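Asker: Structure below; questions to follow.
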Amino acid sequence: MERTFILLKPDCVQRRLMGQVIARFEQKGLNVIALKMLTITPDLAKQHYAEHVQKGWYPTLETFITGGPVVAAVIEGLEVIRVVREMLGATNGLNAAPGTIRGDYSSSRQMNLVHGSDGPEAAAREIAIYFTPAEICDYTPTITPWMRASDET
């Protein structure tokens, strides 16, 4: 099993799309193992987006991401990082394919609803920023045998 981090951004929360987005991950058979709502502080934004802090457009990003509540989550599943990123679609909602989350709900580069980790190292780093090990509820849903064959691990 692989884990990834997702962040439902302030635009997702304000537009009341949280349930629809999380439902899409669950309908895909992915397992939500941690979930919390919070408001990102400027310091937390700098920690999360450390690689972007020196870029000229960072202040706009920080203003956006700290502008309202977000929902942080850890999602688990087979090849979950790739699967979630494909479900999200292209970063710019105008370029995202119909059927993807951004393709269906976004028409912006920045206000693109959801952040998803781009690789295993980023996922581990981002999960550790937002969650303690005690906040992650590792479990196997009883429906798992009906979602994939027993040899698919």
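Read-outs throughout are calculated quantities, based only on the coordinates presented, and are distinct from any laboratory measurement. It should be emphasised that the depicted structure is a prediction, and the values quoted were computed from it without experimental measurement. Here Cβ is always computed from backbone atoms with ideal geometry, including for glycine, and neighbour counts include all displayed protein chains.
Asker: Under a 10 Å cutoff between Cα atoms, tell me which one of Glu121, Glu51, Glu135 has the largest fluctuation in the Gaussian network model of the chain.
Answerer: Answer for the Gaussian network model of the chain: Glu51.
Asker: In what sequence, highest mean first, do 104-114, 28-38 appear when ranked by Cβ atoms within 10 angstrom?
Answerer: 104-114, 28-38
Asker: Hey, if you put +1 on the Cβ of every Lys and Arg and -1 on every Asp and Glu Cβ in the chain, which of Asn31, Pro42, Cys137 ends up farthest toward the positive end of that dipole?
Answerer: Pro42
Asker: Please list the three semi-axes, largest first and in whole Å, of the ellipsoid equivalent to the stretch 1-70, using sqrt of 5 times the eigenvalues of its alpha carbon gyration tensor.
Answerer: That gives 25, 15, 10 Å for the three semi-axes.
Asker: Now for a different question. What number comes out for the charge environment of Leu8, summing +1 per Lys or Arg and -1 per Asp or Glu over other residues with Cβ under 12 Å away?
Answerer: +4
Asker: Distances over 19 Å make up what percent of all Cα-Cα pairs in the stretch 72-153?
Answerer: 51
Asker: In whole angstrom, and with the biggest value first, how far do the Cα coordinates of the stretch 2-138 range along each principal axis?
Answerer: So the three principal-axis extents are 38, 36, 25 Å.
Asker: If you wrap a convex hull around the Cα atoms of the stretch 63-105, how much volume per residue is inside, in Å³?
Answerer: Hull volume over Cα atoms, normalised by residue count, gives 94 Å³.
Asker: Next question, about the same structure. Bins of 10 Å, beginning at zero and ending with the bin holding the largest distance: percent of Cα pairs per bin for the stretch 39-82, please.
Answerer: Bin by bin from 0 Å, the calculated values are 26, 40, 28, 6.
Asker: What size of dipole, in debye to the nearest 20, comes out for the chain about its Cα centre when the only charges are +1 on Lys and Arg C-beta atoms and -1 on Asp and Glu C-beta atoms?
Answerer: 520
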